Amino acid sequence: MGSVQRAMRLLESVAEHEHGAPAKQLARETGLALPTAYHLLRTLVHEGYLRRDKGLFFLGEAAERLSSSGAEQKRRSTVVEALAHWRDLIGVPVYYAQYRNGEIEVLCVSDSPVNPAVEEWADFRETGHAHAIGQCLLAQLDDEARRDHLDRYPVQSITPYTVRDGHSLLRRLERTARMEPVIERQEYALGTVCAALPITLGNAAATMAISLPAHQADRLPAATQQLQEEIGRLMGSLAISISI
């Protein structure tokens with residue numbers, strides 16, 4: 001344990017020197033005997049946590065990977081906390097999804113036993129034409145990307161309320177205003193209504209969505225507006241975090 005603590009102190013000291021630092025300086029700053037510092041520094045270099053160049057020590061690739069991973073986890077935690085807050089505030093399940101590498105990806109869902117999320121009984125990626133999340137993401141794509149997606153995942157009937165063919169879906173998506181919520185009623189799951197809000201992420205297509213039992217459909221407009229207002233309040237702090 002003592003060696004680990006001393007190694008961590010050395011890593012922290014090196015991280016404070018953008019242009020590198022020699023062993024003697026690092027030993028002095030960490031209060032370590034020079035032989036001890038040399039031994040630990042050599043070990044950290046061997047493991048890739050440090051690199052040595054012209055007698056100076058810098059953070060290595062392994063340490064940078066740890067830093068990057070930690071930052072990613074922090075961003076994801078921010079999104080998870082925001083969705084949980086909105087779930088409790090509005091009293092609905094909240095979803096976050098992106099269109100990445102030609103696929104619909106639901107990246108985070110926050111629900112509760114009282115307000116459960118929609119069960120993925122048919123693959124969300126293959127049925128984007130039928131649910132609000134998919135329709136919202138497809139509406140944000142250009143015509144070529146949209147048609148490419150539908151060529152790979154053709155429109156098919158999921159419920160009696162699902163859009164009947166690709167032509168009808170394309171007409172609906174073309175009529176969808178840029179920042180307009182997408183509302184879907186029992187097209188993916190019988191007994192469920194959903195709304196999805198487009199999220200601006202540079203050139204990326206993203207969405208936040210909610211769902212409700214069909215017998216509570218009258219709550220959907222107000223809940224959607226409330227989510228839209230909440231997203232607007234936090235959008236500045238979430239702008240980077242939602243790129244998880």
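The values are calculated or read from the model by the stated rules, or taken from the named source; none is laboratory data. Just so you know, these numbers come straight off a predicted model, no measurement behind them. Virtual Cβ from ideal backbone geometry, glycine too; neighbours counted across all protein chains shown. Areas reflect the complete protein model, heavy atoms only, side chains present, ligands, DNA and RNA absent. Shrake-Rupley method; radii C 1.70, N 1.55, O 1.52, S 1.80 Å.
Which of the following residues is modelled with pLDDT under 90, in a helix (DSSP H, G or I) and open to solvent by less than 20 Å² (accessible area, probe 1.4 Å): Ala62, Ala27? The conditions single out Ala62. The condition of being open to solvent by less than 30 Å² (accessible area, probe 1.4 Å) and either in contact with a Ser or Thr (Cβ under 6 Å, 6 or more places away or on another chain) or free of Cβ contacts under 8 Å to residues at least 24 places away in the same chain (or both) does not hold for Ala122. Scanning the range 1-14 for residues that are in contact (Cβ under 8 Å) with a residue 24 or more places away in the chain and loosely packed, with under 15 Cβ neighbours inside 10 Å yields one hit, Ser3.
Of all residues in the range 71-89, those satisfying the criterion of being modelled with pLDDT of 90 or more and either surrounded by fewer than 16 Cβ atoms within 10 Å (Cβ to Cβ) or part of a strand (DSSP E or B) (or both) are Ala84, His85, Asp88, Leu89.
So which of Gly134, Gly102 is under 19 Å from the mean Cα position of the chain (by Cα), touching a residue at least 24 places away in the same chain (Cβ under 8 Å) and over 19 Å from Pro181 (Cβ atoms)? Even if it seems obvious, please write down each step before you answer.
On the way: Gly134 fails: over 19 Å from Pro181 (Cβ atoms).
Residue meeting the stated conditions: Gly102.
If only residues of the range 162-191 that are crowded, with 18+ Cβ neighbours inside 10 Å and polar (S, T, N, Q) are counted, the one that is nearest to Asp143 (Cα to Cα) is Thr162. Could you please find all residues in the range 180-214 being in contact with a Gly (Cβ under 8 Å, 6 or more places away or on another chain) and either of a type in the set (Ser, Thr, Tyr) or touching a residue at least 24 places away in the same chain (Cβ under 8 Å) (or both)? Once the filter is applied, which keeps residues that are in contact with a Gly (Cβ under 8 Å, 6 or more places away or on another chain) and either of a type in the set (Ser, Thr, Tyr) or touching a residue at least 24 places away in the same chain (Cβ under 8 Å) (or both), the range 180-214 yields only Ala214.
Among the residues making up the range 38-56, those that are under 18 Å from Gln5 (Cβ atoms) and not in a loop (DSSP other than H, G, I, E, B) are Tyr38, His39, Leu40, Leu41, Arg42, Thr43, Leu44, Leu50. Taking the range 217-235, which residues are open to solvent by less than 50 Å² (accessible area, probe 1.4 Å) and polar (S, T, N, Q)? The answer is Thr224, and nothing else.
Of the residues making up the range 90-148, those that are among the polar types (S, T, N, Q) and at pLDDT below 95 are Gln98, Asn101, Ser110, Ser112, Asn115, Gln140.
Would you check which residues across the range 140-155 are outside any helix (DSSP H, G or I) and out of contact with any Gly (no Cβ under 8 Å at 6 or more places or on another chain) and list them?
Passing the criteria: Leu141, Asp142.
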